[in-house]
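Shown next, in structure tokens, is the structure this report addresses.
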Amino acid sequence: MANVVLSGSQGLSTEAVQQPNPFPSFMRKLCAFLDGPMQNLNDAIEAGRSTIGDFLRAWAPVGRLIPSILPLIPLMGERQGRDVLRRLAFVPASIEYHSQREGKDAGAALRQACGMEEALIALGRAAHHVPRDSHDTLWRWNTGADRIRFTGDAQENIFAHGVIETDRVHTESCAAIRPVCWSSADLVSPQTTEAFRSAEANTRYLCDIYIAFRTPRTDWGLKPDFFMKRLRTYLMAYPVGGVTLKGPNAANIA
């Protein structure tokens with residue numbers, strides 16, 4: 001779909017065209033915040049070296065631009081809406097994590113971040129997606145060089161790799177054996193044999209990934225404490241638009 005907002009004046013009224021488009025500046029600042037500063041702040045807050053106030057002050061230059069981009073969000077196509085939601089949703093999730101750990105009520109992030117709730121709701125509509133992060137935004141669509149993580153710990157990348165590969169490989173295996181399940185392919189044929197062999201190899205590959213999660217290593221590993229006490233707890237439930245929405249769950253992938 002067309003990226004109406006990124007294309008400048010396309011789709012905007014004459015009055016809007018005369019004003020500088022705030023969206024490119026917002027995206028530059030958002031991406032810069034997500035590429036290092038957010039992870040450093042999250043790690044520092046957990047270690048007791050920083051506070052939620054420090055996080056909010058660092059976020060403020062980006063957050064102040066949210067009200068100015070709200071009128072542009074309805075002009076986005078689904079793809080662009082999902083990309084912006086994928087990025088922005090890391091911020092309220094991070095603030096909620098630290099806030100709820102201090103015993104504050106769920107939703108404090110949206111109350112402290114001006115325009116955040118409205119932006120999430122509008123992005124959800126544009127993206128045809130729940131108005132917060134999900135297993136799609138956090139893992140399936142969050143790959144490549146510009147992927148975003150909550151922390152600076154390599155264990156988060158290790159877990160994300162397992163989740164993404166599980167979705168990819170199970171999807172591939174299902175596609176291979178589906179014709180047999182639907183009786184559109186012969187049960188006994190060279191093609192069916194190859195389909196099952198491919199699915200078996202995929203499952204063996206995934207087993208190796210999950211075994212590696214729990215295998216002690218000197219170079220990397222996924223420790224239960226990191227998963228249970230840090231990564232998983234970043235995915236808290238909080239209300240958006242008066243509806244409490246659960247956090248992302250890797251069990252929802254293929």
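Number of residues in segment 1-29 that are at pLDDT 65 or above, outside any helix (DSSP H, G or I) and open to solvent by less than 40 Å² (accessible area, probe 1.4 Å): the value is 1.
Condition check for residue 80 on (1) crowded, with 19+ Cβ neighbours inside 10 Å; (2) under 30 Å from residue 228 (Cβ atoms): one failure, at (2). Do the conditions hold for residue 230, that is, is it among the basic types (Lys, Arg) and assigned to a loop (DSSP other than H, G, I, E, B)? No, not satisfied. Of 154, 127, 195, 212, all but one fail to be free of Cβ contacts under 8 Å to residues at least 60 places away in the same chain, of a type in the set (A, V, I, L, M, F, W, C) and surrounded by fewer than 16 Cβ atoms within 10 Å (Cβ to Cβ); the exception is 212.
Which residues, taken from segment 220-238, are loosely packed, with under 11 Cβ neighbours inside 10 Å and either of a type in the set (A, V, I, L, M) or over 29 Å from residue 93 (Cβ atoms) (or both)? Write out each step before concluding.
Of all residues in segment 220-238, those loosely packed, with under 11 Cβ neighbours inside 10 Å come to 220, 224-225, 228.
Selection gives 228 alone.
When segment 119-162 is filtered for residues that are at pLDDT below 95, out of contact with any helix residue (DSSP H, G or I) (no Cβ under 8 Å at 6 or more places or on another chain) and in a helix (DSSP H, G or I), the ones remaining, listed by number, are 154, 157. The condition of being under 30 Å from residue 97 (Cα atoms), of a type in the set (Lys, Arg) and buried (at least 18 other Cβ atoms within 10 Å of the Cβ) holds for only one of 147, 132, that being 132.
The values are calculated or read from the model by the stated rules, or taken from the named source; none is laboratory data. As the structure is a prediction and not an experimental result, all values here were calculated from the model. Backbone-built Cβ (ideal geometry, glycine too); neighbour counts: all protein chains shown. For the accessible areas, the whole protein counts, side chains as well, though only heavy atoms, and no ligand, DNA or RNA atoms are used. Shrake-Rupley method; radii C 1.70, N 1.55, O 1.52, S 1.80 Å.
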